[in-house]
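Below you'll find the structure, written out as structure tokens, and then a few comments.
The values are calculated or read from the model by the stated rules, or taken from the named source; none is laboratory data. Bear in mind the structure is a predicted one, so any value in this text is a computation, not a measurement. Cβ placement follows ideal geometry from the backbone for every residue including glycine, while neighbour counts extend to all protein chains displayed. When the accessible area is computed, the model is the full protein with side chains, heavy atoms only, and any ligands, DNA or RNA have been set aside. Shrake-Rupley method; radii C 1.70, N 1.55, O 1.52, S 1.80 Å.
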Amino acid sequence: MTNDRGFTYLELIATAAILMILASAILPTAKVMRIRNKEIELRRELRTLRTAIDRYKLAVDQGKIGGTDVKLGSEGYPPDLETLVEGVNQVGRLDSKLKFLRRVPLDPMTGKTEWAMRCYQDDADDESWCGDNVWDVRSTSGGTALDGSKYAEW
């Protein structure tokens, strides 16, 4: 009678099979979590951009921005996203700029700072930007979200 210690070959194969089954269940979950995190980031960045646009419009409506910084026909919306970063002169204050963003955020779906924009004058289904003002932004990604909606429609 021998007291051999260790695992048999069959036990090792069974353990490896169980580990492979567990790993195959975890990998799709990790992929979904990574996509979900990007979607959360996209929603956050869109909210940041839209809030900055709204704050610019409010400043124009309150008379804090005017003169050459507001183009006729812009309806009080910024001419582009860079204007929100660079800032505009504040009415009645010399050397004082109102800034609405620190930087143009990255679109987490594309990894770029390029966003699809819509003018106030554009129709809801227009695919191109008129170039006069920025009323709304959306992702340039052609991908589909986990809920089945298109990122470009958010």
Exercise. For log10 I(q)/I(0) by the Debye sum over Cα atoms at q = 0.09, 0.14, 0.17, 0.20 Å⁻¹, the listed values are (i) -0.45, -0.78, -0.99, -1.21; (ii) -0.56, -0.84, -1.01, -1.21; (iii) -0.26, -0.66, -1.00, -1.41; which was obtained by calculation from the structure presented?
Worked result: (i)
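Using just the helices of the chain, give the 222 nm mean residue ellipticity in deg cm²/dmol: DSSP H runs with n ≥ 4 each add -39,500 (n - 2.57), and the total is spread over all residues, rounded to 500. Could the numbers behind the result be given before it?
Working: 2 runs with 59 residues, N = 154.
Calculated at 222 nm, the ellipticity per residue is -14000 deg cm²/dmol.
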Seminar exercise, completed: Heavy-atom accessible area of the range 75-154 with neighbours in place, 1.4 angstrom probe: carbon+sulfur share in percent works out to 44
Seminar exercise, completed: Stretched fully, the stretch from residue 102 through residue 58 gains (0.36 nm per residue minus C-alpha distance, one decimal, in nm) 14.0 nm
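Taking 0.36 nm per residue of sequence separation and subtracting the Cα-Cα distance, how much length would be gained by fully extending the chain between residue 50 and residue 85, in nm to one decimal?
Numbers: separation 35, 0.36 × 35 = 12.60 nm, distance 1.34 nm.
Here the segment from residue 50 to residue 85 would lengthen by 11.3 nm.
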Seminar exercise, completed: Output for the range 40-93 (equivalent-ellipsoid semi-axes, sqrt of 5λ from the C-alpha gyration tensor, Å, descending) is 22, 11, 10
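At a Förster distance of 41 Å, what's the computed FRET efficiency of residue 35 paired with residue 68, Cβ-Cβ distance as r, to 0.05? Mind showing how you got there, number by number?
Values: r = 44 Å, r/R0 = 1.08.
With a Förster radius of 41 Å, E is 0.40.
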For this session: Among 121, 79, 152, pick out the residue whose Cα is farthest towards the positive end of the charge dipole of the range 75-154, where Lys and Arg carry +1 and Asp and Glu carry -1 on C-beta, about the Cα centre.
Result: 79
Problem set entry | Contour excess over end-to-end distance, with Cα ends at residue 146 and residue 17 and 0.36 nm allotted per residue | 43.4 nm
Exercise. Which one of 65, 98, 109 has its Cα pushed farthest toward the positive end of the charge dipole of the chain, where Lys and Arg give +1 and Asp and Glu give -1 at the Cβ?
Worked result: 98
Exercise. So, in Å, what gap is there between the alpha-carbon centers of the range 11-39 and the range 57-84?
Worked result: 51
Exercise. Going by average Cβ neighbours within 10 Å, how do the peptides 120-129, 6-15 rank, with the highest at the top?
Worked result: 120-129, 6-15
For this session: Inverting the mean 1/r over all pairs of different Cα atoms, compute the Kirkwood radius of the range 9-59 and quote it in Å.
Result: 14.5
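Please work out the average accessible area per residue across the range 94-139, using the 1.4 Å probe convention, and give it in Å².
Values: 2960 Å² over 46 residues.
Averaged over the residues of the range 94-139, the accessible area is 64 Å².
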Problem set entry | Nearby aspartates and glutamates by direct alpha-carbon distance to residue 150 (threshold 18 angstrom, same-chain neighbours under 8 apart not counted) | 39, 41, 45, 107, 114, 125, 126, 127, 136
